[in-house]
1. Out of all the residues in region 88-98, is one or more aromatic (F, W, Y) and more than 15 Å from E169 (Cβ to Cβ)?
2. Keeping to region 92-118, report how many residues are under 10 Å from the mean Cα position of the chain (by Cα) and under 17 Å from S228 (Cα atoms).
3. Are there any pairs, at least 6 apart or on different chains, whose C-beta atoms fall under 6 Å, with the first in region 53-74 and part of a helix (DSSP H, G or I) and the second β-branched (V, I, T), and if so, which?
4. Output yes when any residue across region 103-116 is of a type in the set (S, T, Y) and without any contact (Cβ under 8 Å) to a residue 60 or more places away in the chain, and no when none is.
5. Those residues that are surrounded by fewer than 16 Cβ atoms within 10 Å (Cβ to Cβ), farther than 22 Å from R21 by Cα and free of Cβ contacts under 8 Å to residues at least 24 places away in the same chain, I need them from region 191-231; list them, please.
6. Within region 98-116, which residues are among the aliphatic types (A, V, I, L, M) and farther than 16 Å from F12 by Cβ?
7. Conditions first: (1) assigned to a helix (DSSP H, G or I); (2) surrounded by 16 or more Cβ atoms within 10 Å (Cβ to Cβ). G33 passes all but one, so which condition is the exception?
8. Could you tell me whether K136 is closer than 25 Å to Y48 by Cβ and surrounded by fewer than 21 Cβ atoms within 10 Å (Cβ to Cβ)?
Amino acid sequence: MGLTTSETWREFLINVREAKRELGDPEVLWYRGQGKYEHYLLPSLLRYENGITKERNLFHKFRRFADKIFQVKESEWETLFDMQHYGIPTRLLDWTESFGIALYFAAYYNNLKSFTNDAALFLLNPMRLNEKSGKKSILRIPREEEEFSYSGIYWEKKPFKATAPIAIEPIFKNDRTAAQRGTFTVHHDQTKPIEKEFPNSIKKIKLPNDAINAAIEFLDLANINEYSVFPDLAGISNYLKNTSGLKRGNLPTPNFRR
């Protein structure tokens, strides 16, 4: 099903436009793509039943080990961003300013895993979400760390206890985060799906499985691929492997016995 003929693809784009309108047509809009529609929004730390109780110890252990490898970080937030980057469970959830990047994660991983179900695209009005916490802007971290301390707010509950996710924009960006135009929501202690808890700030759009091929065709035309999304050796290697035209043959299994 091609890009120019897919009814489901056109319907998906119409639904995205309608969701944006329902969010107030904001000047700033964030996106997140997921390969399975059934999955809801929850940071990795909160997927563990004891994640909150283990958070502080996990943070301090990572900092102790990481300081031997990287330059010592002065900001707790920068350490937290590194943890997220290297797959350590945190209360951060990744978003992007780019519709194309979010579509890549939705369509590519749906296709990579050979899912037969639908994918999902989330739209977030970060300004409207932050109003729930009395914030009038997107917090720039760590520049605003003095007023918005990671350990203070989320461990000590001072100067306030977070009662909703808060949208933050990281100033310290590695190459991968910069390429993905990455942003974050930092979550409070609740494990309820935030798209249901804050429907005026977040909308969930179904990317039908029948539209995945059209989405991938769109991404190819936009030159959004593993190399552009992951501008490091891992991304380059996967991009070359998947675009090389190599074909697996029906060769006999090698016998490595001497």
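The values are calculated or read from the model by the stated rules, or taken from the named source; none is laboratory data. The model shown is predicted, which means the values in this text are computed figures rather than measured ones. Ideal geometry is used to build each Cβ from the backbone, glycine not excepted, and the neighbour counts take in all protein chains shown.
1. Taking every residue of region 88-98 in turn, none turns out to be aromatic (F, W, Y) and more than 15 Å from E169 (Cβ to Cβ).
2. 5
3. Once the first residue is part of a helix (DSSP H, G or I) and sits in region 53-74, its partners that are β-branched (V, I, T) give F62/I88; R63/T79.
4. yes
5. Listed by number, the residues that qualify are K192, D220, N223.
6. Filtering region 98-116 down to residues among the aliphatic types (A, V, I, L, M) leaves 101-103, 106-107, 112.
Scanning region 98-116 gives I101, L112.
7. G33 satisfies all of (1) assigned to a helix (DSSP H, G or I); (2) surrounded by 16 or more Cβ atoms within 10 Å (Cβ to Cβ) except (1).
8. Values: closer than 25 Å to Y48 by Cβ: no; surrounded by fewer than 21 Cβ atoms within 10 Å (Cβ to Cβ): yes.
Taking the combined requirement at face value, the residue does not satisfy it.
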